[in-house]
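Let me begin by presenting the structure, written as C-alpha coordinates, before commenting on it.
The values are calculated or read from the model by the stated rules, or taken from the named source; none is laboratory data. Small disclaimer: the values here were computed from a predicted structure and weren't measured. Ideal geometry is used to build each Cβ from the backbone, glycine not excepted, and the neighbour counts take in all protein chains shown. When the accessible area is computed, the model is the full protein with side chains, heavy atoms only, and any ligands, DNA or RNA have been set aside. Shrake-Rupley method; radii C 1.70, N 1.55, O 1.52, S 1.80 Å.
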Amino acid sequence: MLPCYNAAKTLDETLQSLAAQSLRDFEVIAVDDGSTDDTGRILDAWRKKDARFKVITQAHSGVITASNAGMLASVSEYIARMDADDRAHPQRLEQQVAFLEANPDYALVSSLVKAFPAEDVGGGFQVYIEWLNSLVTDEQIKREIFVESPLPNPSVMFRREWLLKMGGYIENGLPEDYDLYLRLYLAGAKFAKVPAVLHEWREHE
(Lines give C-alpha, C1' and ligand atoms only; values in the text may rest on other atoms or scores of the structure.)
Protein backbone atom coordinates (compact mmCIF):
# COMPACT_ATOMS: atom_id res chain seq x y z
CA MET A 1 0.00 0.00 0.00
CA LEU A 2 1.35 3.35 -1.09
CA PRO A 3 -0.24 6.51 0.34
CA CYS A 4 0.64 9.55 -1.77
CA TYR A 5 0.20 13.25 -1.15
CA ASN A 6 1.87 15.86 -3.38
CA ALA A 7 4.69 13.41 -4.12
CA ALA A 8 5.28 14.29 -7.77
CA LYS A 9 8.98 15.10 -7.30
CA THR A 10 9.87 11.61 -6.08
CA LEU A 11 7.01 9.35 -7.11
CA ASP A 12 8.39 8.11 -10.45
CA GLU A 13 11.58 6.95 -8.75
CA THR A 14 9.58 5.10 -6.12
CA LEU A 15 7.31 3.41 -8.65
CA GLN A 16 10.24 2.43 -10.82
CA SER A 17 11.83 0.65 -7.85
CA LEU A 18 8.61 -1.30 -7.37
CA ALA A 19 8.26 -2.15 -11.06
CA ALA A 20 11.80 -3.59 -10.95
CA GLN A 21 11.03 -6.12 -8.19
CA SER A 22 12.31 -9.67 -8.71
CA LEU A 23 8.97 -10.91 -7.38
CA ARG A 24 6.62 -10.35 -10.30
CA ASP A 25 3.26 -11.41 -8.84
CA PHE A 26 2.19 -8.39 -6.80
CA GLU A 27 0.06 -5.28 -7.09
CA VAL A 28 0.70 -1.72 -6.01
CA ILE A 29 -2.33 -0.05 -4.45
CA ALA A 30 -1.55 3.65 -4.55
CA VAL A 31 -3.88 6.01 -2.70
CA ASP A 32 -3.82 9.59 -3.96
CA ASP A 33 -4.82 11.54 -0.87
CA GLY A 34 -6.18 14.64 -2.60
CA SER A 35 -2.89 15.76 -4.15
CA THR A 36 -2.77 19.16 -5.82
CA ASP A 37 0.40 18.58 -7.85
CA ASP A 38 1.06 16.03 -10.64
CA THR A 39 0.82 12.99 -8.35
CA GLY A 40 -2.51 11.91 -9.88
CA ARG A 41 -1.22 12.25 -13.43
CA ILE A 42 1.90 10.19 -12.64
CA LEU A 43 -0.13 7.44 -10.98
CA ASP A 44 -2.55 7.34 -13.90
CA ALA A 45 0.31 6.98 -16.38
CA TRP A 46 1.74 4.02 -14.45
CA ARG A 47 -1.71 2.45 -14.15
CA LYS A 48 -2.14 2.61 -17.91
CA LYS A 49 1.21 0.99 -18.72
CA ASP A 50 1.33 -1.67 -15.99
CA ALA A 51 -1.80 -3.54 -14.85
CA ARG A 52 -0.19 -4.26 -11.48
CA PHE A 53 -0.57 -0.61 -10.50
CA LYS A 54 -3.97 0.28 -9.02
CA VAL A 55 -5.03 3.80 -8.02
CA ILE A 56 -7.53 4.96 -5.41
CA THR A 57 -8.35 8.66 -5.33
CA GLN A 58 -9.82 10.33 -2.26
CA ALA A 59 -10.24 13.78 -0.76
CA HIS A 60 -7.31 14.83 1.39
CA SER A 61 -7.75 13.02 4.70
CA GLY A 62 -4.23 12.27 5.91
CA VAL A 63 -1.84 9.32 5.94
CA ILE A 64 -3.89 7.20 8.36
CA THR A 65 -7.00 7.25 6.19
CA ALA A 66 -4.99 6.76 3.01
CA SER A 67 -3.05 3.80 4.43
CA ASN A 68 -6.20 2.12 5.70
CA ALA A 69 -7.89 2.60 2.33
CA GLY A 70 -5.01 0.74 0.70
CA MET A 71 -5.16 -2.00 3.32
CA LEU A 72 -8.89 -2.57 2.82
CA ALA A 73 -8.54 -2.60 -0.97
CA SER A 74 -5.91 -5.34 -0.88
CA VAL A 75 -6.88 -9.00 -1.12
CA SER A 76 -3.34 -10.30 -0.73
CA GLU A 77 -2.23 -12.41 2.22
CA TYR A 78 0.70 -10.03 2.63
CA ILE A 79 0.67 -6.23 2.55
CA ALA A 80 3.88 -4.24 2.17
CA ARG A 81 3.93 -0.60 3.25
CA MET A 82 5.83 1.90 1.09
CA ASP A 83 6.31 5.67 1.08
CA ALA A 84 6.06 7.74 -2.09
CA ASP A 85 9.55 9.19 -1.72
CA ASP A 86 11.57 6.05 -0.96
CA ARG A 87 13.21 3.28 -2.99
CA ALA A 88 12.85 -0.48 -2.64
CA HIS A 89 15.71 -2.88 -3.30
CA PRO A 90 14.85 -5.16 -6.25
CA GLN A 91 14.59 -8.19 -3.96
CA ARG A 92 12.67 -6.54 -1.13
CA LEU A 93 9.29 -8.16 -1.80
CA GLU A 94 10.76 -11.54 -2.73
CA GLN A 95 12.85 -11.81 0.43
CA GLN A 96 10.11 -10.60 2.74
CA VAL A 97 7.52 -12.98 1.27
CA ALA A 98 10.04 -15.82 1.60
CA PHE A 99 10.53 -14.98 5.29
CA LEU A 100 6.80 -14.93 6.04
CA GLU A 101 6.24 -18.14 4.13
CA ALA A 102 8.98 -19.83 6.15
CA ASN A 103 7.87 -18.33 9.48
CA PRO A 104 4.06 -18.51 9.71
CA ASP A 105 4.07 -17.44 13.37
CA TYR A 106 5.41 -13.95 12.57
CA ALA A 107 3.00 -11.04 12.09
CA LEU A 108 5.36 -8.92 10.03
CA VAL A 109 8.86 -8.59 8.69
CA SER A 110 10.91 -5.46 8.07
CA SER A 111 14.49 -5.13 6.83
CA LEU A 112 17.62 -3.12 7.35
CA VAL A 113 17.44 0.35 5.82
CA LYS A 114 19.77 2.90 4.28
CA ALA A 115 19.25 6.66 4.36
CA PHE A 116 19.65 8.71 1.16
CA PRO A 117 20.67 10.99 -0.49
CA ALA A 118 23.97 10.99 1.38
CA GLU A 119 24.39 14.77 1.26
CA ASP A 120 21.08 15.33 3.08
CA VAL A 121 21.47 12.70 5.81
CA GLY A 122 21.92 14.41 9.15
CA GLY A 123 23.84 12.98 12.07
CA GLY A 124 20.76 12.39 14.19
CA PHE A 125 18.99 10.45 11.45
CA GLN A 126 22.08 8.34 10.82
CA VAL A 127 22.30 7.46 14.52
CA TYR A 128 18.63 6.40 14.41
CA ILE A 129 19.27 4.27 11.30
CA GLU A 130 22.21 2.53 12.99
CA TRP A 131 20.04 1.79 16.03
CA LEU A 132 17.24 0.44 13.83
CA ASN A 133 19.66 -1.79 11.94
CA SER A 134 20.99 -3.25 15.20
CA LEU A 135 17.53 -4.65 16.03
CA VAL A 136 16.85 -7.69 13.86
CA THR A 137 15.33 -10.50 15.92
CA ASP A 138 12.01 -10.58 17.73
CA GLU A 139 13.85 -10.51 21.06
CA GLN A 140 15.97 -7.49 20.10
CA ILE A 141 13.02 -5.54 18.69
CA LYS A 142 10.84 -6.16 21.74
CA ARG A 143 13.67 -5.27 24.12
CA GLU A 144 13.81 -1.77 22.63
CA ILE A 145 10.20 -1.21 21.58
CA PHE A 146 9.46 1.34 24.33
CA VAL A 147 12.55 3.43 23.49
CA GLU A 148 11.40 4.50 20.01
CA SER A 149 9.72 2.85 17.05
CA PRO A 150 12.07 -0.07 16.22
CA LEU A 151 10.58 -0.69 12.77
CA PRO A 152 10.90 1.73 9.83
CA ASN A 153 7.29 1.89 8.68
CA PRO A 154 7.87 2.02 4.89
CA SER A 155 10.05 -1.11 5.08
CA VAL A 156 7.45 -3.39 6.68
CA MET A 157 5.48 -6.27 5.15
CA PHE A 158 2.49 -7.38 7.24
CA ARG A 159 0.26 -10.39 7.28
CA ARG A 160 -3.08 -8.92 6.23
CA GLU A 161 -4.91 -10.86 8.95
CA TRP A 162 -2.87 -9.08 11.63
CA LEU A 163 -3.51 -5.63 10.15
CA LEU A 164 -7.24 -6.32 10.06
CA LYS A 165 -7.16 -7.71 13.59
CA MET A 166 -5.58 -4.46 14.82
CA GLY A 167 -8.02 -2.29 12.84
CA GLY A 168 -5.18 -0.86 10.78
CA TYR A 169 -3.70 2.49 11.69
CA ILE A 170 -5.57 4.69 14.16
CA GLU A 171 -5.18 8.17 15.67
CA ASN A 172 -4.15 7.47 19.24
CA GLY A 173 -1.88 10.36 20.27
CA LEU A 174 1.30 8.75 18.89
CA PRO A 175 2.78 8.49 15.39
CA GLU A 176 0.40 6.07 13.67
CA ASP A 177 3.09 3.50 12.84
CA TYR A 178 4.59 3.39 16.35
CA ASP A 179 1.09 3.11 17.82
CA LEU A 180 0.35 0.14 15.56
CA TYR A 181 3.56 -1.65 16.54
CA LEU A 182 2.83 -1.14 20.24
CA ARG A 183 -0.66 -2.56 19.81
CA LEU A 184 0.76 -5.52 17.89
CA TYR A 185 3.30 -6.08 20.67
CA LEU A 186 0.56 -6.10 23.29
CA ALA A 187 -1.43 -8.57 21.17
CA GLY A 188 1.50 -11.02 21.15
CA ALA A 189 2.74 -10.46 17.60
CA LYS A 190 6.21 -11.58 16.57
CA PHE A 191 8.52 -9.21 14.67
CA ALA A 192 11.66 -9.65 12.58
CA LYS A 193 13.83 -8.03 9.95
CA VAL A 194 15.49 -9.57 6.94
CA PRO A 195 19.19 -8.92 7.79
CA ALA A 196 19.87 -7.08 4.53
CA VAL A 197 19.34 -3.52 3.31
CA LEU A 198 16.14 -3.84 1.28
CA HIS A 199 14.78 -0.31 1.68
CA GLU A 200 16.23 3.15 1.05
CA TRP A 201 14.66 5.81 3.28
CA ARG A 202 14.76 9.36 1.97
CA GLU A 203 15.95 12.14 4.27
CA HIS A 204 14.61 15.65 3.70
CA GLU A 205 16.11 18.98 4.65
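General observations
- Scanning the range 51-93 for residues that are surrounded by fewer than 19 Cβ atoms within 10 Å (Cβ to Cβ) and basic (K, R) yields a total of 2.
- If you go through the range 92-118 and pick out every residue that is out of contact with any Phe, Trp or Tyr (no Cβ under 8 Å at 6 or more places or on another chain) and either within 27 Å of G40 (Cα to Cα) or among the hydroxyl-bearing types (S, T, Y) (or both), you end up with 3.
- Scope the range 154-171; condition more than 22 Å from V75 (Cβ to Cβ) and either outside any loop (DSSP other than H, G, I, E, B) or free of Cβ contacts under 8 Å to residues at least 12 places away in the same chain (or both); matching residues: S155
- Any hit, the range 184-203, residues being of a type in the set (A, V, I, L, M, F, W, C) and assigned to a helix (DSSP H, G or I): yes
- The range 37-53 residues that are charged (D, E, K, R), paired with ones that are assigned to a helix (DSSP H, G or I) (beta carbon under 7 Å, 6 or more apart): D37/A8; D38/A8; D50/A19
- Restricting E101, E94 to residues that are touching a residue at least 40 places away in the same chain (Cβ under 8 Å) and acidic (D, E) narrows the list to E94.
- Single unsatisfied condition, Q140 versus (1) open to solvent by less than 40 Å² (accessible area, probe 1.4 Å); (2) part of a helix (DSSP H, G or I): (1)
- Note on the range 166-205: residues that are in contact with a strand residue (DSSP E or B) (Cβ under 7 Å, 6 or more places away or on another chain) and either exposed (fewer than 14 other Cβ atoms within 10 Å of the Cβ) or not aliphatic (A, V, I, L, M) (or both) amount to 9.
- Screening A115 on (1) hydrophobic (A, V, I, L, M, F, W, C); (2) open to solvent by 50 Å² or more (accessible area, probe 1.4 Å); (3) modelled with pLDDT under 95 shows it passes everything except condition (2).
- Breaking point among (1) assigned to a helix (DSSP H, G or I); (2) among the hydrophobic types (A, V, I, L, M, F, W, C); (3) without any contact (Cβ under 8 Å) to a residue 40 or more places away in the chain, for L174: (1)
- Residues in the range 139-153 that are of a type in the set (K, R) and in contact (Cβ under 8 Å) with a residue 12 or more places away in the chain: 1 in all.
- Among residues of the range 117-130, those that are small (G, A, S) and assigned to a loop (DSSP other than H, G, I, E, B), counted: 1
- Search result, residues across the range 71-91 that are in contact with a Leu (Cβ under 7 Å, 6 or more places away or on another chain) and closer than 21 Å to E161 by Cβ: M71, Y78, I79, A80, M82
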